[in-house]
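Below: the structure, in structure tokens.
Read-outs throughout are calculated quantities, based only on the coordinates presented, and are distinct from any laboratory measurement. Remember, predicted model here, so these are calculated numbers, not experimental data. We place every Cβ from the backbone using ideal geometry, glycine too, and count neighbours over all the protein chains shown.
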Amino acid sequence: MVDKVEKSEAEWREELSDEQFWVCRQKGTEPAFTGVYHDCKEDGLYRCSACGNALFMSDHKYDSGSGWPSFWEPVTPDAVKTQTDGSHGMIRTEVLCGACGSHLGHLFNDGPRDKTGLRYCINSVSLDLDKE
Ligand SMILES: [Zn+2]
């Protein structure tokens, strides 16, 4: 089970950098190909940059060509949660941290066909690589 992390937006504002606060708490999106992890091939466990919750394994990361870190599955089913996002005139599935509810990115159905067929498209800003 994932332990829930609950903080007020004022507390997050204090703890996070401006960029983290914008992406994680205000659902911003970093520009493609600018994040530190989109082209990262190092082994390790990607954690939530806001709360440290384990999210994705480097073994499940692949190069989607999108310019954002992409994974075909989370480390455990409850590591992340999803909800419908109707912003920007599109219906998309938003991916949130299962522990603290921070915005991570979006989920698409164009992932690797030989795996889950899913693409978790995640902002580098929302991730913190715990190298093995
Ligand atoms: Zn979190």
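Could you please let me know if A99 is buried (at least 20 other Cβ atoms within 10 Å of the Cβ), more than 11 Å from the chain's Cα centre (by Cα) and in contact (Cβ under 8 Å) with a residue 12 or more places away in the chain?
When the stated conditions are applied, A99 passes them.
Against the condition among the small types (G, A, S), in contact with a Lys or Arg (Cβ under 8 Å, 6 or more places away or on another chain) and crowded, with 16+ Cβ neighbours inside 10 Å, how does G105 come out, does it pass?
Spelling it out, it is not the case that G105 is among the small types (G, A, S), in contact with a Lys or Arg (Cβ under 8 Å, 6 or more places away or on another chain) and crowded, with 16+ Cβ neighbours inside 10 Å.
Sort out for me the strands (runs of 3 or more DSSP E) sitting completely within the stretch 42-132 that have 2 or more residues that are more than 16 Å from the ligand (Cβ to nearest atom).
80-85, 92-97, 103-108, 119-122
Exactly one condition in (1) farther than 18 Å from D130 by Cβ; (2) under 14 Å from the mean Cα position of the chain (by Cα) is false for G89; which is it?
(2)
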